[in-house]
Every structure is written in structure tokens, then in C-alpha cells.
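Peer 1: The following block contains the structure, expressed as C-alpha cells.
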Amino acid sequence: MIQLLRSLFGLNGAAGNRKVVGSPDGMEVKDVPYMQESNQRLVALQELYNRFRNTAHAPKLQAVYEKTKRIHTYLAARSRGHELELFHVQHTDHFLSAFTAIMDAHQEPQVQVSVPPPPRPSQPPQPTPKPDVMGRTLVIGPFRSDRKEVKTARTLNRQTSHRAYMDTTEANVEVPRLGLPEISINTYSQIVYLREDVSDGLTTNEIGFTSTPEEKATFEAYVSARFGLKDVTYVGNAMVYIPTHNSNQPAEIVPVIHWHGAPYVLSLEDNRLYPVSTYRKRW
């Protein structure tokens, strides 16, 4: 994060002619909303630092706040509101969200169990009450798209994306495109995977395009349990290069699944999914 902050001192911008009377250096009218929102983010960073004050993260958060404030002062003095907003959208907002989530998770109330007093000899035993569970419930998986909350969140995100895209366009910043690698299903190779059984320990299993429906169902249950996924369908295997830090890593055969209508390749060694697009081809 700090390195990203340093890199933004070289942003280019041009100041307009309309100024706000009484503002520092005669700020342009169009930049006033950006500066107000930037000040709010600085306040949020300061509050975040205060929450982490007594932790090992405090020095880093203080450094982020100070460098963000320097960038704010630098761009504000040059009436470069669009570039300042773009910086906050790309970095500050994600930074605030991540660390706020971390702090909220650590401050979640713990499970509390109410233990009843032992019954008196003259009284019949009373049933033990259920534990009082406090905290939030985590729901994993996609939400129903027809729900009002989902539609509202989707609309807000689209509006945010539109504003951010307009800022990047005006600042002449290239927006990267996500591309899905295309794979072909290997129809004859079998791969080995280890399934842990409580009674038998590790069991060696094979899976491939020509496996029986029972073998595929067993593998789908294995993937669901290991990756925490639901509604998984095994497709076959494919030869791909798995992204690693080692540039000399050879290609390998890995399983391919469909999850919620989209194909993914699985890395069973590091428990990762990679989205892909597929087409069938006989080898």
C-alpha cells in the first residue's frame, strides 16, 4: 500500500480557470466535492489508526495515513480532484474496507453458553437449555438475484463502477481487461487424488473423463468438502500451467469442475480455483 502511495506523486493534471473564493490556492469549483470526500477518507484513516493504536499494525497505519495526507495536499494544491478521487477509489477505499473487516472480525462477540445450576435433590432434573449463540451468521454462496437487497447492492456497485470508469477515462488511465484462458478436456487421462476416511485413513482414488457416475459423484463430494463448495459438477481433466512463483513450473493435468454454471480448474495441492473457458476436443 505504501509503495502504491509513493507512485502517485508523478500523476499529471491540468488546472482549470474556475476558482472557489477563500479556498486554498483558489480551488476549482468542480474539485470541491472531491476534496470533501478526500477529507472524509482521511478522517476514516485516522479513526482506523486509533482502533489499531495498541496493536503491532499501528506504525504501518500511521505511515499510510501520513502519506495519504501528503498526496491529498499535493493534488489539492494543484486542483487535480479527479486524480485524487481515482487514487482513493483504487487504493484507500479497499484499504479501509480490508482493515475494518479485520478489526470487526476480531471484535465479534464470543459464543456464550448458559450453564444451569445443579437441581436440588427434591426436584426432578431440568432439561439443559440450548447455548445462547451471539454474533453474525455467515452465508456462503450466491444470493438470490431477485431479492430487493441484491438488486439495490448491484445498482450501487454499478454506479460506483461508472464513476470510477469516468475518472479513469479523464485521467487517461488504462483499465485492464480480465481474460479467461481457453482449455480443452482431456478425454483419457486419469489423475490420482487422496481422500481421507475416518476409519481407513488416506485412500487413493482416480478420476477422469471416462470415470463411472459413482466415481464422479465421490470426487464431487470430495471437492465440496475440501473447498467448501456446493452444487459442484465434475467435467473432466485438462492440461494447464498453474500460476506459481516458479516460471519453470511444467504444465500438469488438473481436474475441471462446473460451479454455478461456470468452469474452473482446480489445484489440489494449494486448494485454489481458476476460472477458465472450455471447448471439447478429442486427444
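The values are calculated or read from the model by the stated rules, or taken from the named source; none is laboratory data. None of these values were measured; they are calculated from a predicted model. Cβ placement follows ideal geometry from the backbone for every residue including glycine, while neighbour counts extend to all protein chains displayed. Surface accessibility is based on the protein's heavy atoms, side chains included, excluding ligands, DNA and RNA. Shrake-Rupley method; radii C 1.70, N 1.55, O 1.52, S 1.80 Å.
Peer 1: Tally time: how many residues in the stretch 205-221 are charged (D, E, K, R) and in contact (Cβ under 8 Å) with a residue 12 or more places away in the chain? Full working, then the answer.
Peer 2: Filtering the stretch 205-221 for residues charged (D, E, K, R) gives 206, 214-216, 220.
Add one more test, that the residue is in contact (Cβ under 8 Å) with a residue 12 or more places away in the chain, and what stays is 206, 216, 220.
So the count comes out to 3.
Peer 1: Can you name every residue in the stretch 254-283 that is under 12 Å from Gly236 (Cα atoms), modelled with pLDDT of 90 or more and surrounded by 16 or more Cβ atoms within 10 Å (Cβ to Cβ)?
Peer 2: Correct list: Val254, Pro255, Val256, Ile257, Pro263, Tyr264, Val265, Leu266.
Peer 1: Checking the conditions here, which among His72, His94, His82 is in a helix (DSSP H, G or I) and either among the basic types (Lys, Arg) or modelled with pLDDT of 80 or more (or both)? Can you show your working first?
Peer 2: Working: His94 fails: either among the basic types (Lys, Arg) or modelled with pLDDT of 80 or more (or both); His82 fails: either among the basic types (Lys, Arg) or modelled with pLDDT of 80 or more (or both).
Result of the check over His72, His94, His82: His72.
Peer 1: Taking the condition of being modelled with pLDDT under 85, under 14 Å from Val89 (Cα atoms) and open to solvent by 70 Å² or more (accessible area, probe 1.4 Å), how many residues in the stretch 26-56 meet it?
Peer 2: Number satisfying all stated conditions: 0.
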